[in-house]
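Read through the structure below, which is laid out as structure tokens, and then see the notes.
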Amino acid sequence: MCNLKFGAYLYEPEKATGFDFHVLRVKLETGMRISPVKDMYSNIAVFADNAASRSHPDWISQSPLGPARMGNSNFNIYWDVVCATQPEHRAEQLDYIEDVDRHSLGVWLNSQYFADHGHCTCPRCKELWKKSGLSWLEWRRKEVTDYIAQIRERVKKELVMCIQPDPISSYERYGVDFDDLAKYADAFNVVMFSKSYATPWYWEMLARGFKKLLKKPVYISLYVFGPGDNAKDVPSAAELLTVSVRCARAGIDGILYLASGASQIRDFQKAAVDKIELRQRLKSYGGQPVQEILDLVTNWEKIVE
Ligand SMILES: [Zn+2]
């Protein structure tokens with residue numbers, strides 16, 4: 001019996017073989033959108049949106065350390081992020097999310113919170129905060145949670161909250177309270193993207209910590225091969241197998257593998273299948289969950305032949 005669920009997390013609408021489910025990146029942080037697909041879940045970046053900030057430069061999230069603009073190295077921000085209280089963006093995203101939900105299996109949200117610590121200090125946010133009578137951090141939390149509640153009313157199918165891999169300071173940085181989100185979420189997805197998993201200990205620890213904190217099923221997402229990568233840039237199949245096994249034994253409920261398309265997933269599957277000695281060695285790394293990862297790879301043998 002298999003308890004762990006395995007997903008392919010893709011930029012292109014072609015499904016990868018050998019997975020329980022598929023998540024399609026229908027709206028990227030660049031603002032680029034593609035059509036949702038009936039039998040895939042849809043991943044939507046909400047406030048990270050270069051296109052929105054290009055059309056409306058005044059929508060960008062503000063802070064004492066500068067705006068949430070790509071290139072502001074005070075923050076881990078790789079895209080422009082719209083202020084999380086921007087009313088027109090919020091309304092448009094609600095309608096969009098509802099429509100995408102209707103045309104796919106459900107919605108996996110990311111960037112559905114403030115840009116980072118200190119955000120947002122635009123005039124509207126300052127005004128809203130003052131009127132709220134709450135502390136700064138509690139006001140941010142309420143803004144995030146209230147918006148998630150509005151999203152929940154629109155999403156009739158599965159709603160998954162993707163969150164940053166920060167178990168300690170997500171409240172202070174993003175306004176994210178895990179228990180608040182758990183009320184509306186069907187599951188969480190902890191995004192653990194890295195170009196290397198050379199030290200699996202840290203990822204295992206994070207997986208264990210999140211499983212302890214989050215009151216809904218916990219998926220993690222691992223990085224296989226992004227758009228524009230070449231083979232030298234990405235984690236090796238050996239690293240991916242090892243980190244999968246070590247996170248699985250920490251009690252998580254499933255793993256997603258991110259790749260630009262189904263063919264990059266297939267290359268990874270083939271490379272994983274070829275790691276015969278490592279697969280043998282990993283059998284001793286834990287109980288049932290580890291076995292399920294190794295069984296998954298055994299199933300891939302038929303696919304990559
Ligand atoms: Zn603002």
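Sequentially through segment 248-263, phi angles give Karplus couplings (6.51, -1.76, 1.60; θ = phi - 60°) of 4, 6, 7, x, 5, 9, x, 10, 10, 10, 8, 8, 5, x, 4, 6 Hz, Gly and Pro residues having no value and appearing as x.
Using the Karplus relation 6.51 cos²θ - 1.76 cosθ + 1.60 with θ = phi - 60°, the per-residue 3J(HN,Hα) values for segment 218-230 come to 10, 9, 10, 10, 10, 8, 9, 6, x, x, x, 6, 10 Hz, with x marking Gly and Pro. For ALA48, the residues whose amide H sits under 5 Å from its own are VAL82, ignoring neighbours fewer than 5 places away on the same chain, with H placed 1.01 Å from N.
Using only Cα atoms, locate the centre of segment 31-51 and the centre of segment 67-130, then give the distance between them in Å, rounded to an integer. Answer, in whole Å: 14.
Counting every other Cβ atom within 10 Å of each residue's Cβ, GLU292, GLU14, GLU143 order from fewest to most as GLU14, GLU292, GLU143. Taking all Cα pairs closer than 8 Å and separated by 6 or more residues, the relative contact order of segment 1-152 comes to 21 percent. The convex hull around the C-alpha trace of the chain, projected and averaged over every direction, spans 15.4 square nanometres. Paramagnetic label reach from THR298 (point 7 Å along Cα→Cβ; backbone nitrogen cut-off under 17 Å): within segment 240-266, residues 245. Relative contact order for segment 79-135: 42 percent, from Cα pairs under 8 Å spaced at least 6 residues apart, divided by residue count. Once C-alpha pairs closer than 8 Å and six or more residues apart are averaged by separation and normalised to the residue number of the chain, the relative contact order reads 18 percent. Taking every alpha-carbon pair within segment 1-106, the share separated by more than 15 Å comes to 66 percent.
In whole Å, how far is the Cα centre of segment 266-292 from that of segment 210-248? When both Cα centres are located, 14 Å separates them.
If you take the square roots of the eigenvalues of the alpha-carbon gyration tensor of segment 132-278 and sort them as a ≥ b ≥ c, do you get rounded (a/c under 1.5), prolate (a/b over b/c) or oblate? Don't skip to the answer; put the middle values down first.
Working: a/c = 2.29, a/b = 2.00, b/c = 1.15.
The shape class here is prolate.
Of TYR9, TYR219, the sequence from fewest to most neighbouring Cβ atoms within 10 angstrom is TYR219, TYR9.
Each residue of segment 171-181 is assigned a 3J(HN,Hα), and the resulting list reads 5, 5, 7, 10, x, 9, 9, 4, 5, 4, 5 Hz, derived from the Karplus form 6.51 cos²θ - 1.76 cosθ + 1.60 (θ = phi - 60°), x at Gly and Pro.
Annotated for segment 99-209: lysine pairs at least 8 residues apart or interchain, Cα distance under 16 Å, count 6.
PRE reach from SER236 (point 7 Å along Cα→Cβ): which of segment 253-273 fall under 19 Å by backbone N? Residues 267-273 qualify, since their backbone N sits under 19 Å from the label point.
Backbone amide hydrogens, once placed in the peptide plane, bring LEU134 within less than 5 Å of nothing, excluding anything fewer than 5 places away on its chain. Sorted fewest first by neighbouring Cβ atoms within 10 angstrom, THR85, THR199, THR17 come out as THR199, THR17, THR85.
Ranking SER194, TYR174, GLN150 by Cα position along the charge dipole of segment 144-211, where only Lys, Arg, Asp and Glu carry charges on their C-beta atoms, puts SER194 farthest toward the positive end.
Here, each number is a calculation from the coordinates, and none is a lab measurement. Not measured: the values here are computed from a predicted model. Backbone-built Cβ (ideal geometry, glycine too); neighbour counts: all protein chains shown.
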